[in-house]
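The values are calculated or read from the model by the stated rules, or taken from the named source; none is laboratory data. No experiment lies behind these values; they were computed from the predicted model shown. Backbone-built Cβ (ideal geometry, glycine too); neighbour counts: all protein chains shown. Ligands, DNA and RNA are excluded from the accessible area calculation, which covers all protein heavy atoms including side chains. Shrake-Rupley method; radii C 1.70, N 1.55, O 1.52, S 1.80 Å.
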Amino acid sequence: MIKFISDQNLFQMETENYSYTIEVFKEKYLRQIFWGKKIEKILSANKYEYWDGMSFCIDEGPSEEIYTESLDLEFGQQGSGDFRTPSVEIYNESGNPYPILEYSGFEIIKGKPEIPGMPSTREVDNDNLDTLILTLKDPKKEIFVDILYSVYHDYDVMTRSMSVKNCSNKKIDIEQIMSFTLDLPAECDNEELELLSLEGSWARERHIETKPLRKGKTTISSNRGTSSHTLHPFCALTPASTTEHRGNVWSFSLIYSGNFVLELEKTHTDKIRVSGGINPNTFKWLLDPKETFYTPESVLVYSENGLNGMSNIYHRFFRDRLLPPVFANKERPVLINNWESTYFDFDHDKIVRIAQKAKEVGIELCVLDDGWFGTRNDDTGGLGNWEVNYKKLTKGLEGLAEDINKEGMAFGLWVEPEMVNSDAVILKEHPDWIMGSYKEKPAVGRNQYVLDLVNPDVVSWLTDLFTEIFTMTNLTYVKWDMNRYLTGQFSEYLPAHRKKETSHRYVLGLYKLMEALVTSFPKILFEGCSGGGGRMDPGLLYYMPQYWTSDNTDAMARLKIQYGTSLIYPLITMGSHVSACPNHQLGRSTPMETRLNVAMSGNLGFELDLNLTLDNEIELVKKSIEFYKENRALIQLGEFYRLLSPFNGQVTSWMFINKDKSEFIVFWVLDKAEVTYSQKVLKLPYVSEDMQYKTSEGVLFTGGELKYRGLKLPYMNKDYMSGYFHFIAE
Ligand code: GLA
């Protein structure tokens, strides 16, 4: 709900539990007043301004002096004496910055406008959703900036974005434009706010990192052309006392898959300016007269219920309002993928044998990974030449799909549309279709080049090509891979003065391609991948409802990766597979039970040839798949809570619970065993005190007992052991 309180010039935005308040200050500037627990009324918004000796006035006259740097703003701009990170930097044709933009009006509309060419959170009929549009303009009315706040009342979520319209008759230069800006106090209840972010690398994605914020700027960003494995377009501010279960969290995420920035600037006034959007280091946009530029959307989530409270909001919201609606609440098949069991070395019969054994244990979908086309026998060639390799697949893709379907399994396929190797036939005709300067040998990554998706001809060629490939067989699943970052981030297609538009235009080209293909094939379940989870971000999840979380399939390493990923992404978006031991990435051997328990906590899959698995393990696999299928709705669509963190101790634990709290499963995994005389006791704050629960072994507990006394975990005397408890209300 959005209210304008005219006598105070306040915009009050309310979700079910939270408030976000802005003031139009001196009829010109947008002040941040409050973001937190719901407050019905704010009466003191325009009282008590601080004075700062070295600040600048934005209005003349002693009684009118307002010191810009002491103001908490929603929109920052250089030139006003606000030296913090600006929301926009826009220059006119003579290279001069635009004068200060002033507030010029508002509109409150039902629902939410789409962001042209970009993914954004969805609106469903009868959503309790309103949008506030605040407009700013320069004195000559040449440029208009809209700041959009969409309030999803029932989800406790607000999204923000901006747009700039060029109303002059000259081109303007946008050098920076954030999706959101706001100033927050640097303390909460006398505790300084710390920064929580997700950092990683290939095969070690989204590890949780917390650190104090010092004065000055802290930046989380990517300039790799994708959101990347290394830093993630998400961060949160919390006092150190916030835990998984309680405390305040303010968090920010971006629906964007390219070069991004999230910046936290702690000022001498003990405020934090938080801003986020497209990374200005690799961006500049020349906006033609009458054109509008739109930023990606950002998602702002506050919770007073700790990190689990925050994650719960993201999970529900992203599942219901970000993922493609057809798959949002649809249970996912158990799959087997041949990558780690064969790599490039397979043929028709080998894949069919893998599928037959998989079918025996209850697996539902067989995915053929890389190596089925062109001369793709290793990673030095073949990308771009997408004709079936009949030497390997003697009956072609159609024949293989048919044989797999005959076994009673669905068929899925790996592709990497955005890439080519140097032997790609298309490059003979169009050498300039790769990113960077093709004349000067652009850098290769995994021996491959990135196709220039800035060029609309490349996007239409790929659309037609993959439409044909996806129509060839009876496909129900596609794994869309992308195995390198973008180095030469300029496009031969663009004129010299537009080269810095390349990175953003690449992302727009990618979204166009994905939009076309997912729309043409609404029944195909797309799983995104980028050397594992290198581009697992909300932008991609808008098109592809699940993602290959990491190339690291070691169960212990996966604990941290999945734990960190679960901070914002619902478990139904995470591909997690059981692989062979010793593990291919780390050489570690972990019990089959643990590999299953960890993989079962996402979209369960297998990445090994079960023909080579011991009989007693096969029995376990069968039983686990049975258990998983019986409880798939609870795991994939229920609520998820983290209980013990792999970043803080030897035991990791998490749980899935249904909406009415009548059923839940608690998983635990031990890292290193140690002789200990104390037994780990796990309190379960998320169960209902009004219920009584029974485990599958027949042990009874009251909800209160589990909540306050806790659940005693078994004696843990073996490295990497694990287990679960399944509780049902009596
Ligand atoms: C990437 C993916 C893997 C696999 C290979 C195939 O590394 O992350 O899962 O598909 O490519 O080349």
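Rounded, prolate or oblate: which one fits region 533-599, using the alpha carbon gyration tensor with axes a ≥ b ≥ c (rounded when a/c is under 1.5, else prolate when a/b beats b/c, else oblate)?
It is prolate, given that a/c is not under 1.5 and a/b is the larger ratio.
Pop the C-beta distance of Q679 and F106 into the FRET formula with R0 = 51 Å and round what comes out to the nearest 0.05.
Plugging the Cβ-Cβ distance into 1/(1 + (r/R0)^6) gives 0.30.
Which translational diffusion coefficient, to the nearest whole µm²/s, is obtained for region 456-508 from the Stokes-Einstein equation, given a Kirkwood hydrodynamic radius over C-alpha pairs, 4 °C and 1.567 mPa s?
96 µm²/s
Can you give the FRET efficiency for F83 and K712, using 1/(1 + (r/R0)^6), R0 = 56 Å, r = Cβ-Cβ distance, to the nearest 0.05?
Approximately 0.50, to the nearest 0.05.
Normalised radius of gyration for the chain, please: alpha carbon Rg relative to 2.2 N^0.38 Å, two decimal places.
The reported ratio for this selection is 0.99.
Normalised by the empirical 2.2 N^0.38 Å for globular proteins, what value does the Cα Rg of region 181-240 take?
With N residues counted in region 181-240, Rg over 2.2 N^0.38 Å equals 1.25.
Would you pull out the residues with amide H under 5 Å of L711's amide H, same chain only if 5 or more places away, H placed 1.01 Å from N?
Under 5 Å from the amide H of L711: L682, K683, L684.
Can you return the lysines within cross-link range of K661? Criterion is Cα-Cα under 21 Å, with same-chain partners fewer than 8 residues away left out.
Straight-distance partners of K661: K330, K629, K683, K694, K707, K712.
Calculate, axis by axis, the spread of Cα positions in region 179-279 along the three principal axes, and write the results as whole Å, longest axis first.
39, 27, 21
Could I get the Rg over Rh figure for region 279-438? Both from C-alpha atoms, Rh via Kirkwood, rounded to two places.
Radius of gyration over Kirkwood radius for region 279-438 works out to 1.11.
Count the DSSP beta bridges whose two residues both fall in the chain, then state the antiparallel fraction as a percent rounded to the nearest 5.
80 percent
Simple spin-label model, 7 Å along Cα-to-Cβ: E468 to E429 in nm?
Those two pseudo-labels are separated by 0.9 nm.
Taking 1 over the mean of 1/r across every pair of different Cα atoms in region 388-539, what Kirkwood radius in Å do you get?
Radius from the Kirkwood sum: 16.7 Å.
Any idea what the relative contact order of region 513-654 is, in percent, if you count C-alpha pairs under 8 Å spaced at least 6 apart?
18 percent
Using the Kirkwood radius built from alpha carbon pairs, what does the Stokes-Einstein equation give as D for region 134-230 at 20 °C and 1.002 mPa s, in µm² per second?
It diffuses with D of about 123 µm²/s by this estimate.
Length gain on complete extension for the stretch L612 to D189, per 0.36 nm per residue less the alpha carbon to alpha carbon distance?
Value of the extension gain: 146.5 nm.
Given the Cα-Cα distance of D125 and K37 and 0.36 nm per residue of separation, how much length would full extension add, in nm?
28.9 nm
Evaluate E = 1/(1 + (r/R0)^6) for D288 and A496, where r is the Cβ-Cβ distance and R0 equals 25 Å; express this FRET efficiency to the nearest 0.05.
For R0 = 25 Å, the calculated efficiency reads 0.95.
Compute and list, largest first, the equivalent-ellipsoid semi-axes of region 332-423 from the alpha carbon gyration tensor, each √(5λ) rounded to a whole angstrom.
Rounded to whole Å, the semi-axes are 24, 13, 11.
Got a sec to turn the phi values of region 411-424 into Karplus ³J(HN,Hα) couplings, 6.51 cos²θ - 1.76 cosθ + 1.60 with θ = phi - 60°, whole Hz, x for Gly and Pro?
10, x, 9, 8, 9, 9, x, 6, 10, 9, 8, 5, 8, 5
Starting from 0.36 nm per residue, how many nanometres of slack lie between D7 and Y390 once their C-alpha separation is accounted for?
Extending this stretch completely gives an extra 130.4 nm.
Which order do I33, I172 take when ranked by solvent-accessible area (1.4 Å probe, heavy atoms of all protein chains), largest first?
Per-residue accessible area, sorted high to low, gives I33, I172.
Find out how many positive minus negative residues lie around P442, taking Lys and Arg as positive, Asp and Glu as negative, among other residues whose Cβ is under 13 Å from that of P442.
Neighbour charge sum, excluding P442 itself: -1.
Report, in whole Å, the centroid distance computed from the Cα atoms of region 480-513 and region 113-141.
Comparing the Cα centres of region 480-513 and region 113-141, I get a distance of 26 Å.
Using the Kirkwood radius over Cα pairs, work out the Stokes-Einstein diffusion coefficient for region 91-157 at 37 °C and 0.692 mPa s, in µm²/s as a whole number.
So the translational diffusion coefficient is about 235 µm²/s.
Report relative contact order for the chain in percent, whole number only (criteria: Cα-Cα under 8 Å, sequence separation at least 6).
Reported as a whole number, the value is 10 percent.
Just grab the label-to-label distance for E697 and V326, each label 7 Å out from Cα along the Cβ direction, in nm (one decimal).
Each label point lies 7 Å from its Cα, and together they span 4.5 nm.
Binned at 5 Å from 0, what are the whole-percent values of the Cα-Cα distance distribution for region 650-694, short to long?
5, 16, 27, 20, 13, 11, 7, 2
To the nearest whole percent, what portion of all C-alpha pairs in region 621-730 is separated by more than 24 angstrom?
25 percent
Any idea what angle helix 348-361 forms with the longest principal axis of the chain, computed on alpha-carbon atoms, 0 to 90 degrees, nearest 10?
90 degrees
Collect residues whose amide H, placed 1.01 Å from N in the peptide plane, falls under 5 Å from the amide H of R376; neighbours closer than 5 in sequence don't count.
none
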